[in-house]
Every structure is written in structure tokens, then in C-alpha cells.
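These notes are about the structure you will find just below.
The values are calculated or read from the model by the stated rules, or taken from the named source; none is laboratory data. Computed from a predicted model, the values in this text were never measured in an experiment. No Cβ is skipped: glycine too gets one built from the backbone with ideal geometry, and neighbour counts run over all protein chains shown. SASA here: full protein model, heavy atoms, side chains in, ligands and nucleic acids out. Shrake-Rupley method; radii C 1.70, N 1.55, O 1.52, S 1.80 Å.
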Amino acid sequence: MKIFIINSFRTIIYIAYFVIIGLYAFGAYLQRSDVNEVFQGLFGSLLNPSAEAALSIVIGLLAGWFVATIVCGLLVTLLDIRDDINDRLPDGRGK
């Protein structure tokens, strides 16, 4: 049962990884006019609508990848620490 719970949790983490990336890309696409304003502030020219959408999606994918890596990495690390503690608890009680 323990193997099933751990593997199902890791499967949820793998799904959450891609969901987080997708949500960030979609959110950046919805806010593409803001991305275009930042681009204009940095480079002094506006993008056409297709370049605005493409740049927004790329920025959303990169931001989503970064956030998903941090969030899911921390969750897996905490799961591993909890699993190691649970493995050692019976040894400590027996002494």
C-alpha cells in the first residue's frame, strides 16, 4: 500500500508540473498586451499581434517552467524527507 501511495503522489506531481507550466503560458497569453508594453519600454518599439502572442507564450513557458520546478521539487523533497523519517522511526522506538 505504501508503494502505491508514494507512486500515486509522484504521478500527481508529474501532472502538476505540466499543469503549472500550461497555466503560466495561458496566463501570459491572456496578458500579452502587458508583455508588449514591457517590450516597448525595453526596446522602444511595439510588436505586431502575432509576435506579441508568440513572445507572451515563450515568456509564460519559461516562467511556468521555473515556478513548476521550484514548487514540485520542494514537494518531492519534502515527501522524500518524510519517507526517510518514517523509515527510521521504528528503529528509534526499538532501542
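Of all residues in segment 29-39, those being touching a Ser or Thr at 6+ places or on another chain (Cβ under 7 Å) and open to solvent by less than 70 Å² (accessible area, probe 1.4 Å) number 1. Only a single criterion out of (1) closer than 30 Å to residue 83 by Cα; (2) in contact with a Phe, Trp or Tyr (Cβ under 9 Å, 6 or more places away or on another chain); (3) surrounded by 14 or more Cβ atoms within 10 Å (Cβ to Cβ) is not satisfied by residue 69, namely (3). Residue by residue through segment 40-66, note down the ones that are outside any helix (DSSP H, G or I) and either open to solvent by less than 80 Å² (accessible area, probe 1.4 Å) or in contact with a helix residue (DSSP H, G or I) (Cβ under 7 Å, 6 or more places away or on another chain) (or both). Of everything in segment 40-66, those that are outside any helix (DSSP H, G or I) and either open to solvent by less than 80 Å² (accessible area, probe 1.4 Å) or in contact with a helix residue (DSSP H, G or I) (Cβ under 7 Å, 6 or more places away or on another chain) (or both) turn out to be 44, 45, 46, 47. Any residue that is polar (S, T, N, Q), closer than 21 Å to residue 64 by Cα and either in contact with a helix residue (DSSP H, G or I) (Cβ under 7 Å, 6 or more places away or on another chain) or surrounded by 12 or more Cβ atoms within 10 Å (Cβ to Cβ) (or both) - is there at least one of those in segment 10-26? No; the residues of segment 10-26 include none that is polar (S, T, N, Q), closer than 21 Å to residue 64 by Cα and either in contact with a helix residue (DSSP H, G or I) (Cβ under 7 Å, 6 or more places away or on another chain) or surrounded by 12 or more Cβ atoms within 10 Å (Cβ to Cβ) (or both). Among residues of segment 72-95 being open to solvent by less than 80 Å² (accessible area, probe 1.4 Å) and at pLDDT 90 or above, the one that is nearest to residue 22 (Cα to Cα) is 72.
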